[in-house]
Every structure is written in C-alpha cells, then in structure tokens.
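S.K.: Here it is, the structure, as structure tokens.
The values are calculated or read from the model by the stated rules, or taken from the named source; none is laboratory data. Note that this is a predicted model, so its numbers are computed, not measured. In this analysis, Cβ positions are derived from the backbone assuming ideal geometry, glycine residues included, and neighbour counts consider all displayed protein chains. Each accessible area value is taken on the protein alone, full model and side chains, heavy atoms only, with ligands, DNA and RNA left out. Shrake-Rupley method; radii C 1.70, N 1.55, O 1.52, S 1.80 Å.
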Amino acid sequence: MSNFSEQVLGWFDLHGRHDLPWQQTITPYRVWVSEIMLQQTQVKTVIPYYERFMIAFPDIASLAAASQEEVLAHWSGLGYYARGRNLHKSAHYIMAHFEGVFPSTFEDIVALPGIGRSTAGAILAIALQQRYAILDGNVKRVLSRYLALQGWPGHKKNEAFLWQKAEAYTPKQRFGDYTQAIMDLGATVCTRSKPRCSACPVAKGCLAKQTNRVEQFPFSKPKKIKPVKQTFFLMLENTQGQIFLQKRPQKGIWGGLWSFPQFDSRQACLEQMKAYETQTECVQSLVEWNSFRHTFSHYHLEIIPMVAKGVKHQKMQCEGEWFCRQSLCVERATLGLPAPITKLVRLMEREHV
Ligand code: SF4
C-alpha cells in the first residue's frame, strides 16, 4: 500500500463518513443511483432525494417499470435532468440485456448512458469489489493540490496525468473503502474554499501545502464569458385557476419536463397570444413580469414571464395540458418541473393568496 493510500484509509477509519444511506446495504444499484445523484450535487442535498428515490424505486425492475414522468418527478429540483433520464434508460437496457442484473465488467458499465470512467470505477470498487480508480471533481482537487499540478486539471494532458496517479494510489486491498475515503477527504477536508490542512492526513507530502501555495491549486479553467440568451414564457391561467403547460421534447434543456410555452422573442410570444385570442374570441391583457436569470453550465438564460389571466380555454387549440395551480405548488408535486417553472407557479399562487 502506498503511503498516500495508507494515510487516507487511516484517516477514513477514524473520521470518514460511515452512515450515508448508500453505505448501508451496499448493492450495485444503490451505489449506482448515489453516484449519479452525486455528480454535480453535494451529499447533503442528495440524501433526501436519494431516500425518496429508493422508496419509490427500490430496484432496477421498479425503476424500469416506472414512467419517465414519475422518475423525473422524483428528480425535480435536483437539476441536470439528463441524469434522471439516463438512469431510467439504463434500467430498461439492463432489464433487456442483463436480465435485470446490474452488469459487473467495466466495459458493460461504462457503456450505460450517463456513466463515465470515474463513475464506473466507483461502482466497481465500492459495490463489486474490483480494483478501479476514480477521478471525480473532489479527487481531482485533492490530487491537483497534493501534486501541485501546474495547469487546469480538466486539460487532456493533465487529466491523463491525474488518472495515472489516481490508479497508482489506489491500494491493492480495501479499494472500496479507499474510494469512499478519497471522495470524503475532498468533500470534508480538502474543500474547494478554506481547506482544513491541519486536519489532513496527507499534509506532510502535499506539495501545495509544503510550499504554502494551497490557494493556487487547482488551476482554474481558462475563462470564457457565458453568453446571455433571452426567452419569453407565456403563462396562461384559465378562469378555473388552472395553468397551461407543455411537455418539452426529450432533447435540449429540461428534456421531458413540463414548462410554459416558450418563445425566442416578445414578438413571437405576442403573436401566439393573438392567435389564442382569435380562437377564443376573447381579448386578454398580457402583463410582463420582471425578468430573472437561470444559469446553465454554458450560458445564462434571462427569463421574461408574460402573464395572461382569466383565459377562456375551451376553444383554444394547442398542444399541452391545463393543471391545477395549487396542486403544482405542494412539496413533491408529481409532475416534473424545472426549478424556474416551479418558482413562477409559486409566484402565481402567491398572487392569489
Ligand atoms: S494538505 Fe491541505 S491542500 Fe494538501 S491535500 Fe490536505 S487539505 Fe488539501
């Protein structure tokens, strides 16, 4: 065992987290779901989602048998919805090709939608007792500091170097514990800001710490300014207090979730409203609310809500459905809604209280 892994494991035995829900009754399915939820999301946010998900879909068969709608409803608010859709797709694939048993080779696991090399490594090490390395965001940060890596860790050449080190540090025994331990170390000690070097088991060998340059590592990604895109939501409410939503196509942002009709320009939004007025023979007043921003990984979306109330919907010809506003506002509503839509529905509800 290398010094590094020995120190990390020694620390884990004393200070690591041993009571996370996915550490109890370890199965490939449970570890897989946790690893997918933990991509881009912190442990404390994931825990309640994970617990609800496990109650609703306790195994691969129940996940495959559920509708995408049900799966996304359980993902509502967690963000990065492609993760939920990919889990669901993978469950179908496992039922069809592996008789419902989670695959056990690296090649088969990494071929599942939404699973990359690091996630496959984590599942293999933690749930299937096979020696594979991981290199998620936490581990990248720890190793970049420990090795004082010059350059952005996401750069191809640097990433290859980190993988090589991650593999070398993975011990020949206890690799499941080590995987959990190194992730924990990054999440609780070698944190993004204010790392707790005084509590770190590898501080003595850490080049960043020893040369007093912890703040310099990891190097940041070369900056690109995120563009701002504008979008207009047409928020229709009928005389019975129902609101009109459309199911989004599978591809693109918020795929498979429900949202207000969306337009690239104010003009397009007004024209659609005019068409509805002609169909319903009723003139509606359209009120523009203050805009707000929702940020994606590659751009900011500036959302401009356009609200029309008291719509006589019976004669409206359009694709979509009317939903009771109040029932969408309850905690854990059963419809998959992106966060900005939930926010707008709640604002509409508040106006009525
Ligand atoms: S000594 Fe500090 S910077 Fe180095 S690995 Fe430990 S916590 Fe991270």
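S.K.: Check the stretch 147-157 and report whether any residue there is without any contact (Cβ under 8 Å) to a residue 60 or more places away in the chain and within 17 Å of Phe217 (Cβ to Cβ).
M.R.: Yes: one or more hits.
S.K.: When both residues are 6+ apart or on different chains and their Cβ atoms are under 8 Å apart, which pairs have a first residue that lies in the stretch 206-219 and is of a type in the set (Lys, Arg), and a second that is near the ligand (Cβ under 8 Å from one of its atoms) and assigned to a helix (DSSP H, G or I)?
M.R.: Close Cβ pairs (under 8 Å, with a partner that is near the ligand (Cβ under 8 Å from one of its atoms) and assigned to a helix (DSSP H, G or I)) amount to Lys209/Arg145; Lys209/Cys197; Lys209/Ala203.
S.K.: Does at least one position in the stretch 212-231 carry a residue that is more than 16 Å from the ligand (Cβ to nearest atom) and open to solvent by less than 30 Å² (accessible area, probe 1.4 Å)?
M.R.: yes
S.K.: Please specify each residue of the stretch 139-165 satisfying the condition of being outside any helix (DSSP H, G or I) and within 16 Å of the ligand (Cβ to nearest atom).
M.R.: Within the stretch 139-165, Leu147, Ala148, Leu149, Gln150, Pro153 qualify.
S.K.: Of everything in the stretch 227-278 that's β-branched (Val, Ile, Thr) and more than 24 Å from His352 (Cα to Cα), which residue is farthest from the chain's Cα centre (by Cα)?
M.R.: Filtering the stretch 227-278 for residues that are β-branched (Val, Ile, Thr) and more than 24 Å from His352 (Cα to Cα), the one farthest from the chain's Cα centre (by Cα) comes out as Thr278.
S.K.: In addition: Can you give me the ranges of the helices (runs of 4 or more DSSP H) entirely in the stretch 1-78 with at least 2 residues that are of a type in the set (D, E, K, R) and within 16 Å of Ser90 (Cα to Cα)?
M.R.: 28-38, 68-75
S.K.: A further question follows. Specify which of the listed residues (Ala73, Ala125, Ala91) is open to solvent by less than 50 Å² (accessible area, probe 1.4 Å), in the same structural domain as Arg192 (by TED's automatic domain parsing) and at pLDDT below 95.
M.R.: Only one candidate qualifies: Ala73.
S.K.: So is Glu35 touching a helix residue (DSSP H, G or I) at 6+ places or on another chain (Cβ under 9 Å) and closer than 22 Å to Gln250 by Cα or not?
M.R.: When the stated conditions are applied, Glu35 does not pass them.
S.K.: May I ask you to say which residue of Glu271, Glu237, Glu288, Glu277 is touching a Lys or Arg at 6+ places or on another chain (Cβ under 6 Å) and either on the phi > 0 side of the Ramachandran plot or more than 16 Å from the ligand (Cβ to nearest atom) (or both)?
M.R.: Of the residues listed, the single one that is touching a Lys or Arg at 6+ places or on another chain (Cβ under 6 Å) and either on the phi > 0 side of the Ramachandran plot or more than 16 Å from the ligand (Cβ to nearest atom) (or both) is Glu237.
S.K.: Are any residues in the stretch 180-211 near the ligand (Cβ under 9 Å from one of its atoms), among the hydroxyl-bearing types (Ser, Thr, Tyr) and surrounded by fewer than 12 Cβ atoms within 10 Å (Cβ to Cβ), and if so, which ones?
M.R.: Within the stretch 180-211, just Ser198 meets the criteria.
S.K.: Restricting attention to the stretch 187-203, does a residue exist that is assigned to a helix (DSSP H, G or I), in contact (Cβ under 8 Å) with a residue 12 or more places away in the chain and within 22 Å of Ser118 (Cβ to Cβ)?
M.R.: Among the residues of the stretch 187-203, at least one is assigned to a helix (DSSP H, G or I), in contact (Cβ under 8 Å) with a residue 12 or more places away in the chain and within 22 Å of Ser118 (Cβ to Cβ), which makes the answer yes.
S.K.: If you don't mind, there's one more thing I want to ask. Got a number for residues in the stretch 166-175 being open to solvent by less than 60 Å² (accessible area, probe 1.4 Å), at pLDDT 95 or above and either under 16 Å from Arg145 (Cβ atoms) or part of a helix (DSSP H, G or I) (or both)?
M.R.: The number of residues fulfilling the criteria is 2.
S.K.: Against the condition touching a residue at least 40 places away in the same chain (Cβ under 8 Å), touching a helix residue (DSSP H, G or I) at 6+ places or on another chain (Cβ under 8 Å) and either of a type in the set (Asp, Glu) or within 16 Å of the ligand (Cβ to nearest atom) (or both), how does Arg174 come out, does it pass?
M.R.: No.
S.K.: Shifting gears a bit: Among the residues of the stretch 96-127, what is the count of those that are over 24 Å from the mean Cα position of the chain (by Cα) and either among the small types (Gly, Ala, Ser) or assigned to a loop (DSSP other than H, G, I, E, B) (or both)?
M.R.: 7
S.K.: Considering the stretch 30-56 alone, what residues qualify as being open to solvent by less than 10 Å² (accessible area, probe 1.4 Å) and in contact (Cβ under 8 Å) with a residue 24 or more places away in the chain?
M.R.: Hits for the stretch 30-56 are Val31, Trp32, Val33, Ile36, Met37, Val46, Tyr50.
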